[in-house]
Amino acid sequence: MTHYPNLLAPLDLGHVTLPNRVLMGSMHTGLEETKDWNRVAEFYAARARGGVGLMVTGGMAPNREGGVFPGAAGLFTAEDIANHRVVTDRVHEAGGRIAMQILHAGRYAYGPECVSASGIKSPISPFPPKELDEAGIEKQIADIVTSASRAREAGYDGVEIMGSEGYFINQFLVRHTNKREDRWGGSYENRMRLPIEIVRRTREAVGEDFIIIYRLSMIDLVPDGSTFEEVILLAQEIEKAGASIINTGIGWHEARIPTIATSVPRAAFTWVTKKLMGEVGIPVITSNRINTPEVAEDVLSSGAADMVSMARPFLADADFVAKAAAGKAETIAPCIACNQACLDHTFSGKISTCLVNPRACFETELMITPTERQKSIGVVGAGPAGLSAAMTAAERGHKVTLFDRAEEIGGQLNMARVIPGKEEFHGLVDWFRTMVADLGITLELGREIAAGDLDAFDEVIIATGVVPRDPGIPGQDGPNVLSYIDVLRGKAPVGDRVAIIGAGGIGFDVAEYLVHEGDSPTEDLDLWREEWGIGDPSETPGGLAPAGPQPEPPARRITLLQRKSEAPGKRLGKTTGWIHRAALRMKDVKMMGGVNYERIDAEGIHVSHGEARENPTLIEADTIVLCAGQLSDRSLADALETAGVNCHVIGGADVAAELDAKRAINQGTRLAATL
Ligand code: NAP
Ligand code: SF4
């Protein structure tokens, strides 16, 4: 008997039956733009082999003006169609099904040729769109329909028409961006004409035996968005126009509310989709922050949707569904919703991959193959770098022993997981623990290793991590000064007024840890909605709470300091930095750049400003926490070198600057793939 009777139940769409209720949601990986079609095909085929019911590709542009950025991929030529055939054939050979997303970005298109309902620039793009005339609108519809026909020709099982997230179609739906007075603007009947015409004409063009998913924005999270009455009406009209499935879109890209980041509670928006259930006859998909089979099963069994969309979890583990079906859910590599290797890469023009799975999108390049000669491998340090190296080596058939001086595995991940909003790191450490046992790695915790202890191994990997940097501030030895390790390990009491030295990733984490008390909003959906001001689209158009964000008062008064004069937090994750900054601002955390640390005494920390060390200021604080970055812990590596023992040094022990779990896991995995 399966643990997931709802998730693994087939879904009958008339002309086709999907094997389960799992959709791999659309992700822009950047793979199509590489034009390496074997690589694209392998990415999707791996997920098809892993048992997902239906996949949706990254957004394909219907025309040049609608592409998310200049040169965005789409089906424009016979050659494009032939290239996409490589992908669909490989997916079908693997027993999977795949739909192509058609994404017209409208005013979000990053280029001067962008078009929209009205000539109103978006707050997240420098390009004002051209207001389309009647012929222009007809051209956009025709291009989208042509794109769907070409998708069929390329062997896709269907298309997803992207009608949410504030893109082109969404821009016609709400008054916020549609000021037209012709038949495409004004009344809701007029504003929804565009999506209905697109779906109706697409159905006419592609025939009945082709899946049309319509992604509908159910809560816009921008002022003056759609009401839920409008959402229901649109969904019903979209069904009549010929869609097979309705998928849920949450929040416009310009919304200032996090919708998929790790601090968003799991399944945080399924209540929105549930409001549509029973209003339409076709299946409804829900999405956002669903990352385990348990959560997905709960969502379906509660009647919130007919199907569940997960996107990033399929970067973390291509075999998500197969492992769930085999009763081995605990071996699924968890997506921790960090965005560090997926969306942050996309927005930096890099190929997406995954922090926990460096093979994602690198399936044809990073091969983990069985070894021809088993070696005994000693790995020192059970943080993310050492764990990944140990796991990959063991997976390949090597005999691996993993040492750590601590009594638990995880290294720095154990500090991350106590931060409110980073609870997903618990799951990551649990997964590592499961895999270490599953792969038969010999684990020796509580062992301080010296150079001479490693003689018996064929290969030695040093992943001893980092030590805190000593900022050398006069007075830092006082009783009111703590290191971030003391604080996050809960070893020391912290006063009400706190100054944090260093505003990097850890400084921000420590601030987040210290301003919260009681339940983490990430584990309490109502509290989280209050904090960010998320109301109900049935009560307020767009779903913003009329009273705005109502954060709990901060547990402490915090000042976050750095020497650089730039805005603190500027270098945090590309797609998540704004959330960390906004979260701390909501808790009245003072951020100060451009300071010199003069001295610490019982009153607090004395700083001065600028190169001339002017304007001396006392920042009163009961506790000062040092988060001044880290240095490599190379003591064992150096001792081995002195003893003439060859070793591989990885992770923070190799390079401490800008270390994160993404680099550590990637480096550990890649090294072990070669041994
Ligand atoms: P970090 O991000 O490099 O920040 C170090 C901080 O210390 C900076 O604010 C720096 O600012 C300050 N600093 C450097 N040298 C100093 C000195 N001699 N005296 C006083 N202050 C000094 O390092 P981290 O905060 O330790 O984080 C370690 C790594 O983990 C980073 O790569 C970080 O990105 C990663 N991490 C990421 C996240 C995340 O959310 N993605 C969370 C936690 C950690 P000034 O030099 O301007 O003073
Ligand atoms: Fe999930 Fe982070 Fe991997 Fe992206 S990089 S898929 S958010 S774990």
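The values are calculated or read from the model by the stated rules, or taken from the named source; none is laboratory data. The shown structure was predicted, so the numbers you read here are calculated from the model rather than taken from an experiment. Cβ coordinates were reconstructed from backbone atoms using ideal geometry, including for glycine residues, and neighbour counts include every protein chain displayed.
Within segment 603-625, can you find the residues that are in contact with a Gly (Cβ under 7 Å, 6 or more places away or on another chain) and either of a type outside the set (Val, Ile, Thr) or at pLDDT below 95 (or both)?
609, 610, 618, 620, 621, 622
Read through the list (1) under 15 Å from residue 434 (Cβ atoms); (2) not assigned by TED's automatic domain parsing to the domain that holds residue 267, then give the number of the only condition that residue 358 fails.
(1)
Here is a yes/no grid of residues against (1) within 16 Å of ligand 2 (Cβ to nearest atom); (2) buried (at least 17 other Cβ atoms within 10 Å of the Cβ); (3) more than 30 Å from residue 225 (Cα to Cα):
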site: 552; (1), (2), (3): no, no, no
site: 555; (1), (2), (3): no, no, yes
site: 563; (1), (2), (3): no, no, yes
site: 566; (1), (2), (3): no, no, yes
site: 580; (1), (2), (3): yes, yes, no
site: 586; (1), (2), (3): no, yes, no
site: 599; (1), (2), (3): no, no, yes
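Go through segment 290-353 and tell me which helices (runs of 4 or more DSSP H), entirely inside it, have 1 or more residues that are over 23 Å from residue 274 (Cβ atoms) and near ligand 2 (Cβ under 8 Å from one of its atoms).
On the way: elements: 293-301, 313-316, 320-325, 343-346.
So the answer is 313-316, 343-346.
Is at least one residue of segment 268-277 out of contact with any Phe, Trp or Tyr (no Cβ under 9 Å at 6 or more places or on another chain), part of a helix (DSSP H, G or I) and under 22 Å from residue 342 (Cβ atoms)?
Step one: of segment 268-277, the residues out of contact with any Phe, Trp or Tyr (no Cβ under 9 Å at 6 or more places or on another chain) are 269-271, 273-274, 277.
Add one more test, that the residue is part of a helix (DSSP H, G or I), and what stays is 270-271, 273-274.
This time we only want the ones that are under 22 Å from residue 342 (Cβ atoms), so: 270.
So far as segment 268-277 goes, yes, one or more of its residues are out of contact with any Phe, Trp or Tyr (no Cβ under 9 Å at 6 or more places or on another chain), part of a helix (DSSP H, G or I) and under 22 Å from residue 342 (Cβ atoms).
How do the strands (runs of 3 or more DSSP E) wholly within segment 419-496 filter down when requiring 3 or more residues that are surrounded by 19 or more Cβ atoms within 10 Å (Cβ to Cβ) and either of a type in the set (A, V, I, L, M, F, W, C) or in contact with an Asp or Glu (Cβ under 6 Å, 6 or more places away or on another chain) (or both): which remain? Before you say what the answer is, go through the steps one by one.
Details: elements: 442-445, 459-462, 466-468, 481-483.
Result: 459-462.
On the given criteria, is residue 320 farther than 16 Å from residue 29 by Cβ and aromatic (Phe, Trp, Tyr)? If you could, list the steps in order and put the result at the bottom.
Details: farther than 16 Å from residue 29 by Cβ: yes; aromatic (Phe, Trp, Tyr): yes.
Spelling it out, residue 320 is indeed farther than 16 Å from residue 29 by Cβ and aromatic (Phe, Trp, Tyr).
Quick check: is even one residue across segment 484-492 away from ligand 2 (no atom under 16 Å from the Cβ), under 30 Å from residue 376 (Cα atoms) and more than 27 Å from the chain's Cα centre (by Cα)? Before the answer, list the steps.
Applying the first criterion (away from ligand 2 (no atom under 16 Å from the Cβ)) to segment 484-492 yields 484-492.
Then keep just the ones that are under 30 Å from residue 376 (Cα atoms); that gives none.
So far as segment 484-492 goes, no, none of its residues is away from ligand 2 (no atom under 16 Å from the Cβ), under 30 Å from residue 376 (Cα atoms) and more than 27 Å from the chain's Cα centre (by Cα).
Taking residue 416 as the residue in question, decide whether it is over 14 Å from the mean Cα position of the chain (by Cα), closer than 19 Å to residue 665 by Cβ and either polar (S, T, N, Q) or within 13 Å of ligand 2 (Cβ to nearest atom) (or both).
Details: over 14 Å from the mean Cα position of the chain (by Cα): yes; closer than 19 Å to residue 665 by Cβ: yes; either polar (S, T, N, Q) or within 13 Å of ligand 2 (Cβ to nearest atom) (or both): yes.
Against the criterion (over 14 Å from the mean Cα position of the chain (by Cα), closer than 19 Å to residue 665 by Cβ and either polar (S, T, N, Q) or within 13 Å of ligand 2 (Cβ to nearest atom) (or both)), residue 416 qualifies.
Could you list, in sequence order, all residues of segment 454-481 that are charged (D, E, K, R), modelled with pLDDT of 95 or more and more than 16 Å from ligand 1 (Cβ to nearest atom)?
Restricting attention to segment 454-481, the residues satisfying the condition of being charged (D, E, K, R) are 455, 458-459, 469-470, 477.
This time we only want the ones that are modelled with pLDDT of 95 or more, so: 458-459, 469-470, 477.
Passing the criteria: 458, 459.
From the list 484, 513, pick out the single residue that is more than 30 Å from residue 250 (Cα to Cα), touching a residue at least 60 places away in the same chain (Cβ under 8 Å) and within 15 Å of ligand 1 (Cβ to nearest atom). Outline the logic, then answer.
Working: 513 fails: more than 30 Å from residue 250 (Cα to Cα).
Only one candidate qualifies: 484.
Test residue 56 against the stated conditions and say whether it is assigned to a loop (DSSP other than H, G, I, E, B) and either in contact with a Leu (Cβ under 7 Å, 6 or more places away or on another chain) or in the same structural domain as residue 299 (by TED's automatic domain parsing) (or both). Can you show your working first?
Values: assigned to a loop (DSSP other than H, G, I, E, B): no; either in contact with a Leu (Cβ under 7 Å, 6 or more places away or on another chain) or in the same structural domain as residue 299 (by TED's automatic domain parsing) (or both): yes.
No: the conditions fail for residue 56.
For residue 267, state whether it is of a type in the set (Gly, Ala, Ser), in the same structural domain as residue 57 (by TED's automatic domain parsing), under 26 Å from residue 524 (Cα atoms) and touching a Lys or Arg at 6+ places or on another chain (Cβ under 8 Å). Quick ask: steps written out before the conclusion?
Values: of a type in the set (Gly, Ala, Ser): yes; in the same structural domain as residue 57 (by TED's automatic domain parsing): yes; under 26 Å from residue 524 (Cα atoms): yes; touching a Lys or Arg at 6+ places or on another chain (Cβ under 8 Å): yes.
In short, yes.
With the structure loaded, tell me whether residue 409 is more than 16 Å from ligand 1 (Cβ to nearest atom), in contact with a Lys or Arg (Cβ under 7 Å, 6 or more places away or on another chain) and more than 27 Å from residue 311 (Cβ to Cβ) or whether it fails that test. Break it down into steps so the answer makes sense when it comes.
Details: more than 16 Å from ligand 1 (Cβ to nearest atom): yes; in contact with a Lys or Arg (Cβ under 7 Å, 6 or more places away or on another chain): yes; more than 27 Å from residue 311 (Cβ to Cβ): yes.
Yes: the conditions hold for residue 409.
Per-residue answers, yes or no, for (1) free of Cβ contacts under 8 Å to residues at least 12 places away in the same chain; (2) hydrophobic (A, V, I, L, M, F, W, C):
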{"position": "528", "(1), (2)": "no, yes"}
{"position": "537", "(1), (2)": "no, no"}
{"position": "540", "(1), (2)": "yes, no"}
{"position": "564", "(1), (2)": "no, no"}
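Could you tell me how many of the residues in segment 358-390 are within 20 Å of residue 461 (Cα to Cα), more than 16 Å from ligand 1 (Cβ to nearest atom) and within 21 Å of the chain's Cα centre (by Cα)?
Looking only at that region, the number is 2.
Of the residues in segment 582-608, how many are more than 10 Å from ligand 1 (Cβ to nearest atom) and either assigned to a loop (DSSP other than H, G, I, E, B) or free of Cβ contacts under 8 Å to residues at least 40 places away in the same chain (or both)?
Just the residues of segment 582-608 that are more than 10 Å from ligand 1 (Cβ to nearest atom), to begin with: 582-592, 598-608.
From what is left, the residues that are either assigned to a loop (DSSP other than H, G, I, E, B) or free of Cβ contacts under 8 Å to residues at least 40 places away in the same chain (or both) are 585, 587-590, 592, 602-603, 606, 608.
Summing the residues that are more than 10 Å from ligand 1 (Cβ to nearest atom) and either assigned to a loop (DSSP other than H, G, I, E, B) or free of Cβ contacts under 8 Å to residues at least 40 places away in the same chain (or both) in segment 582-608 gives 10.
Go through segment 247-264 and count every residue that is within 16 Å of ligand 1 (Cβ to nearest atom) and in contact with a Lys or Arg (Cβ under 9 Å, 6 or more places away or on another chain). Outline the logic, then answer.
First, the residues of segment 247-264 that are within 16 Å of ligand 1 (Cβ to nearest atom): 258, 260-264.
Checking which are in contact with a Lys or Arg (Cβ under 9 Å, 6 or more places away or on another chain) leaves us with 260-264.
The number of residues fulfilling the criteria is 5.
Considering (1) small (Gly, Ala, Ser); (2) touching a residue at least 12 places away in the same chain (Cβ under 8 Å); (3) out of contact with any Pro (no Cβ under 6 Å at 6 or more places or on another chain), say which one residue 492 fails and leave the rest.
Checking residue 492 against (1) small (Gly, Ala, Ser); (2) touching a residue at least 12 places away in the same chain (Cβ under 8 Å); (3) out of contact with any Pro (no Cβ under 6 Å at 6 or more places or on another chain), the one that fails is (2).
Run down 205, 151, 117, 135 and say which single residue is closer than 15 Å to residue 60 by Cβ and assigned by TED's automatic domain parsing to the domain that holds residue 226. Before the answer, list the steps.
Numbers: 205 fails: closer than 15 Å to residue 60 by Cβ; 117 fails: closer than 15 Å to residue 60 by Cβ; 135 fails: closer than 15 Å to residue 60 by Cβ.
Exactly one of 205, 151, 117, 135 is closer than 15 Å to residue 60 by Cβ and assigned by TED's automatic domain parsing to the domain that holds residue 226, namely 151.
Has segment 299-319 got any residue that is in contact (Cβ under 8 Å) with a residue 60 or more places away in the chain and within 16 Å of ligand 1 (Cβ to nearest atom)? Step through it out loud before you land on a result.
Going through segment 299-319, the residues in contact (Cβ under 8 Å) with a residue 60 or more places away in the chain turn out to be 300-301, 306-312, 314-315, 317-319.
In the following step, the residues that additionally are within 16 Å of ligand 1 (Cβ to nearest atom) were identified as 312.
There is at least one residue in segment 299-319 that is in contact (Cβ under 8 Å) with a residue 60 or more places away in the chain and within 16 Å of ligand 1 (Cβ to nearest atom).
Scan segment 620-661 for residues that are crowded, with 19+ Cβ neighbours inside 10 Å, aliphatic (A, V, I, L, M) and under 37 Å from the mean Cα position of the chain (by Cα) and report the count.
12
Does residue 503 meet the test of being buried (at least 21 other Cβ atoms within 10 Å of the Cβ), of a type in the set (A, V, I, L, M, F, W, C) and closer than 15 Å to residue 556 by Cα? Give the derivation first.
On the way: buried (at least 21 other Cβ atoms within 10 Å of the Cβ): yes; of a type in the set (A, V, I, L, M, F, W, C): yes; closer than 15 Å to residue 556 by Cα: no.
Considered against the rule, which asks whether it is buried (at least 21 other Cβ atoms within 10 Å of the Cβ), of a type in the set (A, V, I, L, M, F, W, C) and closer than 15 Å to residue 556 by Cα, residue 503 comes out as no.
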